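Notes to accompany the following structure.
The values are calculated or read from the model by the stated rules, or taken from the named source; none is laboratory data. Here the structure is a predicted model, which is why all the values come from computation and not from measurement. Note that we place each Cβ from the backbone using ideal geometry, even for glycine, and neighbour counts take in every protein chain shown.
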Amino acid sequence: MFRKSRHGIQIKTKEQIELMRAAGLVVARTLELLRKEVRPGITTLDLDRIAEEAIRDQGAIPSFKGYHGYPATICASVNHEVVHGIPHDRRRLREGDIISIDCGAILDGWHGDAAITVPVGEVSPELTKLMQVTEEAMWRGISALRVGGHLSDIGFRIERYVRSQGRYGIPPEYGGHGIGTEMHMEPWVANYGKPGRGPRFEVGMCFAIEPMVNLGTPRTRVLSDEWTVVTLDGRPSAHFEHSVALTEDGPLVLTALDGGASRLKGQGAAN
């Protein structure tokens with residue numbers, strides 16, 4: 001049923017990419033709703049409940065809930081939490097926080113996965129820049145998806161941009177992944193590295209591209225809940241992610257409402 005590249009990467013047909021796009025739009029609409037709900041005083045569990053209702057109302061299933069025992073619909077990582085923060089009714093957002101919200105959904109057997117980092121009210125200029133750098137790094141990585149290019153081109157573009165913006169940390173243990181009939185598939189997608197290495201891109205490949213960028217050290221640790229990843233120095237981190245398909249016309253951002261058109265315009269091979 002599914003063709004794979006010689007490296008074991010699932011290749012989707014046009015029709016299958018359309019199904020993935022539908023799942024991606026569920027995630028996109030849910031994250032836009034959550035972005036509007038983020039404010040001082042709301043709890044991360046409140047956001048989780050909103051997300052689950054939104055996903056199910058669209059006829060989809062939350063893909064995180066129950067995944068290897070994960071207990072929630074979203075990952076809600078606040079300030080120094082890098083990824084996999086578990087929503088809780090005692091975690092109330094405060095003015096000046098930032099929150100990374102990672103969300104996944106399954107529709108008709110296909111997965112969508114994306115993440116945003118959102119300011120809570122007014123935040124400091126350094127946090128604003130951290131978010132801007134991380135999001136732009138993601139788009140630089142997405143723009144590397146070109147037929148004939150190599151997997152490592154994604155991480156190369158992400159790292160090169162982040163390094164050009166200041167002294168930020170890129171946690172080496174965490175990165176993106178293939179996506180399709182499963183949330184996490186081959187290959188792993190690093191957020192750093194040299195260009196021109198690894199599998200060549202082919203039309204029909206789909207990836208979740210997700211840089212995580214720390215304001216300080218790249219070093220992290222996992223809390224006793226065995227999920228929440230935090231920065232070792234306690235400084236904030238940001239996380240952005242999109243699921244992307246490589247089509248004959250270039251990258252299609254499955255989890256962006258406009259397919260990525262507004263942000264990919266002008267992103268060229270030199271970026």
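Miscellaneous remarks
- Residue match in segment 1-17 (condition: among the hydroxyl-bearing types (Ser, Thr, Tyr), modelled with pLDDT under 95 and closer than 25 Å to Cys206 by Cα): yes
- Long-range neighbours under 8 Å by Cβ, at least six apart or interchain, first residue part of a loop (DSSP other than H, G, I, E, B) within segment 58-71, second of a type in the set (Asp, Glu): Ser63/Asp113; Phe64/Asp102; Lys65/Glu52
- Flag not set for Asp102, criterion: within 26 Å of Arg200 (Cβ to Cβ), part of a strand (DSSP E or B) and under 13 Å from the mean Cα position of the chain (by Cα).
So that you can scan it fast, the table gives a plain yes or no per residue for (1) closer than 30 Å to Gly109 by Cα; (2) crowded, with 16+ Cβ neighbours inside 10 Å; (3) modelled with pLDDT of 95 or more:
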site: Phe156; (1), (2), (3): no, yes, yes
site: Gly166; (1), (2), (3): no, no, yes
site: Pro171; (1), (2), (3): no, yes, yes
site: Tyr174; (1), (2), (3): yes, yes, yes
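- A residue that is touching an Asp or Glu at 6+ places or on another chain (Cβ under 8 Å), charged (D, E, K, R) and not in a strand (DSSP E or B) occurs nowhere in segment 14-36.
- Just so you know, in segment 124-154 the residues that are in contact (Cβ under 8 Å) with a residue 60 or more places away in the chain, assigned to a helix (DSSP H, G or I) and of a type in the set (Val, Ile, Thr) include one that is nearest to Val78 (Cα to Cα), and it is Thr134.
- Odd one out for Val82 among (1) more than 26 Å from Leu246 (Cβ to Cβ); (2) more than 14 Å from the chain's Cα centre (by Cα): (2)
- Index of the failed condition, Pro187 passing every other in (1) part of a loop (DSSP other than H, G, I, E, B); (2) at negative phi; (3) surrounded by fewer than 20 Cβ atoms within 10 Å (Cβ to Cβ): (1)
- Residue count for segment 199-231, restricted to those that are surrounded by 21 or more Cβ atoms within 10 Å (Cβ to Cβ), among the aliphatic types (A, V, I, L, M) and in a loop (DSSP other than H, G, I, E, B): 2.
- For the residues Leu107, Leu93, the requirement of being at pLDDT 95 or above, closer than 26 Å to Lys12 by Cβ and crowded, with 18+ Cβ neighbours inside 10 Å singles out Leu107.
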